[in-house]
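> My questions will all concern the structure given below.
The values are calculated or read from the model by the stated rules, or taken from the named source; none is laboratory data. All figures in this text were calculated on a predicted structure; none of them were measured in a lab. Quick reminder, even Gly has a Cβ in these numbers, built from the backbone with ideal geometry, and neighbours come from all protein chains shown. What goes into the accessible areas is simple: the full protein's heavy atoms, side chains included, and nothing from ligands, DNA or RNA. Shrake-Rupley method; radii C 1.70, N 1.55, O 1.52, S 1.80 Å.
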Amino acid sequence: MSNKSRIHSFHPEAYGDLKAAVRSLLHAAGGEARAAELCRVSKSTLSEYGNPRYPDRHIPVDVALDLERATGDMAVTGHMATEHNAILLQLPPDEGGEEPWIDHLTRIGKEAGDVFHRTGEYLADDGIIDEREAQVLLRELDELLSATAAMRAVVRRRLPE
């Protein structure tokens, strides 16, 4: 998809606020005009949702969901999770074949081992985890969560509706 959005050039990024999350989502959709084709509101209304000069205009939940589903970018939902001191972990889709149970266990064990190994390595030299090390460790933890989430999705499918 060609992304011709100029949203970011008009508003300085203020990471961590809802307006910035909306701008990110509109950018992922290809700009306000393309986003308006994907939801029930106009281009100008979408622009107001991402514009800090309209502090009382916020994106409705159904519009955010429509745009997030269309783009695969969960910027607004991710922002909401962060505001609640939670993490957003996208579960794998329900379709397709399933990996054997042992593959799930092996992957979880490998990823957990990576977390233990990295943490031990980083603490061994000076007893702290610095900013650079934290970035790598966070990636390792995300991989562990992803592996666990994949197995969780398979286990959940075993439950009655």
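> Putting +1 on Lys and Arg Cβ atoms and -1 on Asp and Glu Cβ atoms, find which of GLN90, THR71, LEU46 reaches farthest to the positive end of the dipole of the range 34-92.
LEU46
> Which Rg and Dmax, in Å, describe the Cα atoms of the range 97-148?
For the range 97-148, the Cα radius of gyration and maximum Cα-Cα distance read 13.1, 45 Å.
> Going by accessible area, probe 1.4 Å, with all protein chains left in place, what is the ranking of GLU161, GLU143, largest first? Display every interim value, and only then the final one.
Values: GLU161 220, GLU143 70 Å².
If we order GLU161, GLU143 from most to least accessible, we get GLU161, GLU143.
> What full-extension length gain, to one decimal in nm, is calculated for HIS58 and ALA112 as 0.36 nm per residue of separation minus the Cα-Cα distance? List each step's numbers first, then the result.
Numbers: separation 54, 0.36 × 54 = 19.44 nm, distance 3.99 nm.
Gain in length upon complete extension: 15.4 nm.
> Calculate, for the range 53-161, the solvent-accessible area per residue in square angstrom, rolling a 1.4 angstrom probe over the heavy atoms of the protein chains.
Details: 7810 Å² over 109 residues.
With all protein chains present, the range 53-161 gives 72 Å² per residue.
> Given the Cα atoms of the chain, and with Rh set as the inverse mean 1/r over their pairs in the Kirkwood sense, what is Rg to Rh to two decimals? If you can, show how the numbers build up before the last one.
Numbers: Rg = 19.8 Å, Rh = 18.5 Å.
Over the Cα atoms of the chain, Rg/Rh equals 1.07.
> Round to a whole number: what % of the accessible area of the chain belongs to carbon and sulfur, probe 1.4 Å?
Result for the chain: 56 percent of the exposed heavy-atom area is carbon or sulfur.
> When the dipole is taken about the Cα centre of the chain, and only Lys, Arg (+1) and Asp, Glu (-1) are charged at their Cβ, what size is it in debye, to the nearest 20?
In debye, rounded to 20, the chain gives about 760.
> So, one more: When the chain is fully extended, how far beyond the present Cα-Cα distance does LEU88 get from ARG156, taking 0.36 nm per residue of separation?
Separation in residues times 0.36 nm, less the Cα-Cα distance, equals 22.7 nm.
> Would you mind checking the tilt of helix 101-126 against the longest principal axis of the Cα atoms of the chain, expressed as 0 to 90 degrees and rounded to 10?
Compared with the principal axis, the helix lies near 90 degrees.
> Something else about it: With all protein chains present and a 1.4 Å probe, how do ASP56, ASP62 order by accessible area, largest first?
Details: ASP56 140, ASP62 65 Å².
These residues rank, largest area first, as ASP56, ASP62.
> Moving to a separate point now. What do you get for the angle between helix 131-157 and the principal long axis of the chain? Use alpha-carbon atoms, 0 to 90 degrees, nearest ten.
Roughly 90 degrees between the two axes.
> Give me the percent relative contact order of the chain, please, defined on Cα pairs under 8 angstrom at least 6 residues apart. All intermediate terms of the calculation are to be shown ahead of the outcome.
Numbers: 143 pairs, mean separation 29.1, N = 161.
Over the chain, the number comes to 18 percent.
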